[in-house]
Amino acid sequence: VRESAQDDDDVVLVGKIGGSENPWIEGRAIFTLVDESLKSCDQIPGDNCPVPWDYCCATDQLKDASALIKVVDENGQPIKTDARELLGVRELTQVIVKGKAKRDDAGNLTVLASGVFVKK
């Protein structure tokens, strides 16, 4: 999806919340999703990183393996409730996201999510 999706394409992504020490936008249902092709620090034997969701062992790969997820309402506006509260998620929670792809001038991928499934 990261390589091929164009603006307004329907997309489905699977990944884990993370990619930085703080993958959240406070007070909004917006977060960063990292593709499961990357291992978070807690998945690396012997790595005792205190912030495993920042993917510090793979920072050079994050740009090509992450997307900004904006959970939106029926008007396409981000929901004004923190994602942690709205979805009951935290860092490294695995989610499946369905929505519309959006690209900025630098090629970064944002997904305007119409649905989020939280894997327990």
Item to check | Which numbered condition G19 fails, given (1) assigned to a loop (DSSP other than H, G, I, E, B); (2) in contact (Cβ under 8 Å) with a residue 40 or more places away in the chain; (3) surrounded by 15 or more Cβ atoms within 10 Å (Cβ to Cβ); (4) more than 12 Å from the chain's Cα centre (by Cα) | outcome: (4)
Next on the checklist: For region 62-90, give me the residue count where each residue is in contact with a helix residue (DSSP H, G or I) (Cβ under 7 Å, 6 or more places away or on another chain) and part of a strand (DSSP E or B).
Outcome noted: 1
Checklist entry - Being among the polar types (S, T, N, Q) and either assigned to a strand (DSSP E or B) or touching a helix residue (DSSP H, G or I) at 6+ places or on another chain (Cβ under 9 Å) (or both), is that true of even one residue in region 50-61? => result no
Checklist entry - Looking only at region 75-109, which residues are hydroxyl-bearing (S, T, Y) and open to solvent by 30 Å² or more (accessible area, probe 1.4 Å)? => result T81
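Here is a list: V11, V72. Which entry is open to solvent by 20 Å² or more (accessible area, probe 1.4 Å) and among the β-branched types (V, I, T)? Spell out the reasoning first.
Working: V11 fails: open to solvent by 20 Å² or more (accessible area, probe 1.4 Å).
None of the others qualify; the one that does is V72.
The values are calculated or read from the model by the stated rules, or taken from the named source; none is laboratory data. All figures in this text were calculated on a predicted structure; none of them were measured in a lab. Positions of Cβ are backbone-derived with ideal geometry, glycine not excepted, and every protein chain shown enters the neighbour counts. Surface areas here come from the heavy atoms of the whole protein model, side chains and all, with no ligands, DNA or RNA. Shrake-Rupley method; radii C 1.70, N 1.55, O 1.52, S 1.80 Å.
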